[in-house]
Structures are given as C-alpha cells and as structure tokens.
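Before any comments, here is the structure.
The values are calculated or read from the model by the stated rules, or taken from the named source; none is laboratory data. Everything quoted here is computed from the prediction, not taken from an experiment. No Cβ is skipped: glycine too gets one built from the backbone with ideal geometry, and neighbour counts run over all protein chains shown. Please note that ligands, DNA and RNA were not included when accessible areas were found on the heavy atoms of the full protein model with its side chains. Shrake-Rupley method; radii C 1.70, N 1.55, O 1.52, S 1.80 Å.
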Amino acid sequence: MHYLLFYEKVPDYSQRELPLQAAHRDHVLAAVAHGDLLLGGPLEDPVDGANVLLFRADSAVTAESFATADPYVVGGVVCRWHVRPWRTVVGREAAVPLPS
C-alpha cells in the first residue's frame, strides 16, 4: 500500500529549518535507502511550506514513525502533519493494480 505524509511548516520555516537541514536530509536519505520513502518534496503554486512524501509500506506506521523522528518535526519546523493511505491502482508501482 502507498501512504502520503503531509507536512505543514510554520510561517518562518525558511529561517528555522536552516540549522536542521543536514539532519533532515540524513533522515530522508536513510528512509530512501531503506526502500520506504519513494518520493517527496514541497508543493508549489503557492509556495507555502507544505510538503508531501510518498511511502510504500505495509501500514501507516512507517510514515508516522518517519514523521515523529524527523528533525523538522522534533525541532518545530513542521507544525502539523498527517498520513493518508493512498490506494494506487494504475501504473507500474500500483499497490492494487486494476485487472488487465
């Protein structure tokens, strides 16, 4: 199954995240290397501090655990986050592919 992790950052995130960027990057790259985190990045138009991360896992616990350990969350750069299951049905990586 796929899970989307949504982050909402504090209004002054661009300054507050600077001292945490290296630790956050290490956290992200470890999740990618482990195979849990597939894609992630900021939303645009508008640029408002929102980010979305895509996980492939057996349960939402993987994305939730990632969030609770993320230096941006721990350090208060992310003010709110939530995880939603995403039932992907089309594409090579679909978790529940449509029948042929």
Report task. Hey, for a label at Val89 modelled as a point 7 Å past Cα toward Cβ, could you say which residues of the range 1-25 have their backbone N under 16 Å away? Result -> 1-2
Query - Where labels lie 7 Å past Cα in the beta-carbon direction, separation of Asp26 and Arg80 in nm - result: 3.1
Query raised in the report: So what's the chain giving for Rg/Rh, alpha carbon basis, Kirkwood Rh from the mean inverse pair distance?
Result: 1.01
Query raised in the report: Between Leu43 and Val61, how many nm apart are label points set 7 Å from Cα along the C-beta direction?
Result: 2.9
Query raised in the report: How would Arg87, Arg25 line up by accessible area, probe 1.4 Å, largest first?
Result: Arg87, Arg25
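Treating only the Cβ of Lys, Arg, Asp and Glu as charged (+1, +1, -1, -1), what charge dipole size does the chain show about its Cα centre? Round to the nearest 20 debye.
Rounded to the nearest 20 debye, it is 220 debye.
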Report summary line: Highest GNM mean-square fluctuation among Leu20, Leu43, Leu54, for the chain with Cα springs under 10 Å, belongs to Leu43
Query raised in the report: Rounded, prolate or oblate: which fits the range 42-81, taking a ≥ b ≥ c as square roots of the Cα gyration tensor eigenvalues, rounded meaning a/c under 1.5, else prolate when a/b beats b/c?
Result: oblate
Query raised in the report: Over the chain, what percent of the accessible surface lies on carbon and sulfur atoms, probe 1.4 Å?
Result: 57
